[in-house]
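Taken together, the values in this text are just the output of simple stated rules run on the coordinates, not laboratory data. Keep in mind it's a predicted model, so treat the numbers as computed, not measured. Here the Cβ is made from the backbone with ideal geometry for all residues, glycine too, and neighbour counts use every protein chain on show.
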Amino acid sequence: MKNIVILGSTGSIGENALAVCRNLPGRFKIAGLSANSRVDILSRQIKEFRPWFVSVNNKEAGLELKSKIGTFTKVFIGDQGLELMLEDKRINAVLLAISGSACLLPLLKAIDKGKEIALANKEALVMAGPMIMRKALEKKIRIIPIDSEQSAIWQCLDGRDKQELKNIYLTASGGPFRELNRIEFKGISVKDTLRHPRWQMGRKITVDSATLMNKGLEILEAMYLFNVPVEKIKVLVHPEAIIHSMVEFIDGVVMAQLSVTDMRIPIQYALTYPKRLSGEAGRVDFYKLRRMNFDKPDLKKFPCLGLAYLAAKEKGTVPAVLNAGNEISVDEFLKGNLKFINIPKVIEKVISRHKKIRDPNLEQILRADNWARQEAHRIINK
Ligand code: NDP
Ligand code: MG
């Protein structure tokens with residue numbers, strides 16, 4: 001039995017991860033859970049899984065939870081809570097499904113403590129990829145990706161020598177606005193954006209999927225996770241979203257991973273690796289599917305993708321700045337304070353005003369992140 005902590009358990013990935021564990025009784029003890037503030041969902045999860053401890057980031061929400069549940073589960077409040085959970089020696093594995101940059105410090109802590117890592121969050125890798133991968137190597141631990149594209153690449157590479165790799169094809173469904181023309185982008189609303197054609201996800205990543213920044217973040221994620229130069233990472237629009245990514249080897253062979261669009265598949269594989277177990281997700285019906293389509297992404301319609309390529313070439317603190325500019329822009333878009341078409345414009349401005357640090361330490365990354373957030377706010381408020 002593996003003792004596992006799920007950080008961000010109240011989100012879309014967190015709930016799917018619990019569904020995977022529920023379906024594999026006797027394999028995992030849900031030892032710890034965490035949320036930002038949604039204690040209604042958290043208390044339901046506590047009742048079902050009876051974890052040893054939970055951590056709530058928001059203070060009032062944490063106090064409310066304490067008053068709601070019995071004494072079996074210990075409730076920690078604030079940043080310190082995560083640290084205390086990760087310090088427990090009985091914990092074998094940590095699944096990180098906190099959204100955004102808030103995942104960076106818990107991820108570094110989990111690696112430091114030598115835990116097995118199942119990583120859904122992508123923003124932390126984008127911000128501090130080289131540092132994270134270096135630390136994982138030092139601690140001799142594996143970071144198994146959950147993001148479906150990275151899971152696909154991980155499965156296709158299957159531990160092969162990097163010398164054999166020619167290209168990575170990162171597939172993208174193209175999001176809800178793939179077929180709109182550029183003029184129509186002016187009228188895009190929050191409601192239109194939150195209607196993704198293929199995936200049910202948290203709000204932030206759903207907006208990122210519509211701007212294609214999600215694919216951009218995944219370019220950076222793949223570059224760091226698999227130690228591959230950005231020139232070898234090609235984005236391929238594939239609206240059916242059945243191929244989750246492909247790897248081309250130097251002899252011309254292409255390996256692809258195919259499955260239905262259900263995050264329980266990559267979550268389960270990350271938790272049971274290297275074993276494959278039967279799961280509840282659906283199957284691809286090729287007779288119904290009949291054909292798959294592929295296309296080049298349109299960088300004019302989706303400038304966020306071009307900005308991510310730029311950040312991947314620049315490296316240093318630029319990816320952290322790209323990420324912070326994007327997090328603020330998406331947040332302001334969701335609040336109705338920024339137009340969809342202006343999201344990439346804000347990010348571009350922030351990047352152009354940034355003085356890059358080449359090989360940043362954690363403090364410098366956090367400082368660049370903080371600066372970029374303030375700069376994005378300044379630009380939006382003008
Ligand atoms: P959600 O918004 O659905 O969930 C986010 C989770 O993180 C919630 O549990 C939330 O708590 C918690 N959280 C948010 N901010 C903080 C904070 N400051 N401190 C502590 N906890 C916090 O996101 P998703 O599940 O969609 O995505 C999670 C991550 O996985 C993202 O990085 C995303 O890019 C990545 N990912 C998601 C996919 C998907 O299909 N959803 C696919 C591939 C990758 P609360 O509920 O209390 O707000
Ligand atoms: Mg993905």
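Data for the structure
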item	result
Odd one out for Leu165 among (1) among the aliphatic types (A, V, I, L, M); (2) within 16 Å of ligand 1 (Cβ to nearest atom); (3) farther than 24 Å from Gly316 by Cα	(2)
Selection count, region 236-250, where residues are more than 16 Å from ligand 1 (Cβ to nearest atom), crowded, with 18+ Cβ neighbours inside 10 Å and under 28 Å from Leu137 (Cα atoms)	3
Residue in region 167-183 that is in contact with a Leu (Cβ under 7 Å, 6 or more places away or on another chain) and either under 19 Å from Ile267 (Cβ atoms) or among the β-branched types (Val, Ile, Thr) (or both) present	yes
Checking Val253 against (1) free of Cβ contacts under 8 Å to residues at least 40 places away in the same chain; (2) surrounded by 12 or more Cβ atoms within 10 Å (Cβ to Cβ), the condition it does not meet	(2)
All positions within region 76-128 that are more than 26 Å from Arg373 (Cα to Cα), without any contact (Cβ under 8 Å) to a residue 24 or more places away in the chain and in contact with a Ser or Thr (Cβ under 8 Å, 6 or more places away or on another chain)	Phe76
Contacts under 8 angstrom Cβ, first residue in region 204-220 being basic (Lys, Arg), partner more than 9 Å from ligand 1 (Cβ to nearest atom) and part of a loop (DSSP other than H, G, I, E, B), 6 or more apart	Lys215/Pro297
